[in-house]
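Report on the following structure.
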Amino acid sequence: ADFDIGRAYVVATLIATVVAAPVVEELVFRGVVMRGFLSRLGPVVTIGLQAVLFGLAHADPVRGAGNIGLVIALSGVGAVFGGAAFLLRRLGVTVMAHAYFNGITMLLLLTGWLEDLQRDLGSLIGAG
């Protein structure tokens, strides 16, 4: 039987990003980190801090300054998830939202839509 390493890699990556990462990251950031901060700080500061830590955790050292936009965007996502976890007092909803978010992101990456969007935006900005 032929083993397609490319397909296996994509499936493993999808499982990691759409199943494992949302569970682990929600338990860590909206569970352990938020609970720890809430014992010492108010909810607004707590949600903000865990959001920034969430954004920073996704920085890629290879990208250097290219991480700034990513960290800011994912800090915003972390703030939304943190606010939801705080208000709902449940992580199941944020795990599902995180899984959907990652799933859509993977769809954009794997189909090339993200590259097309970046190219189109780049030409639009460059044309101005």
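Which of the three applies to the chain, rounded, prolate or oblate, going by the alpha-carbon gyration tensor with a ≥ b ≥ c and a/c under 1.5 meaning rounded?
On the way: a/c = 2.30, a/b = 1.36, b/c = 1.69.
Because a/c hits 1.5 or more and a/b fails to exceed b/c, the chain counts as oblate.
Where only DSSP H runs of four or more residues are counted, the chain gives -23000 deg cm²/dmol as its mean residue ellipticity at 222 nm, each run worth -39500 (n - 2.57). Here the accessible area is traced with a 1.4 Å probe on the protein chains. For the chain, carbon and sulfur cover 73 percent of it.
Using a 1.4 angstrom probe on the protein heavy atoms only, line up Ile104, Ile47 by accessible area, largest first.
Values: Ile104 100, Ile47 30 Å².
The ordering from most to least exposed comes out as Ile104, Ile47.
Solvent exposure of the chain amounts to 66 Å² per residue of accessible area, where only protein heavy atoms count and the probe is 1.4 Å. Restriction of the trypsin sites (Lys or Arg not before Pro) in the range 34-110 to DSSP coil positions whose beta-carbon has at most 11 other beta-carbons within 10 angstrom yields Arg40, Arg89, Arg90.
For the range 15-128, give the magnitude of the charge dipole about the Cα centre (Cβ charges: +1 Lys/Arg, -1 Asp/Glu; no others), in debye to the nearest 20. Mind dumping the intermediate values first?
Numbers: 7 positive and 6 negative charges, 109 e Å.
Charge dipole, the range 15-128, about its Cα centre: 520 debye, nearest 20.
The values are calculated or read from the model by the stated rules, or taken from the named source; none is laboratory data. Note that this is a predicted model, so its numbers are computed, not measured. Because the Cβ atoms are built from the backbone with ideal geometry, glycine has one as well, and the counts that use them run over all protein chains shown. The area values use the complete protein model at the heavy-atom level, side chains included, leaving out ligands, DNA and RNA. Shrake-Rupley method; radii C 1.70, N 1.55, O 1.52, S 1.80 Å.
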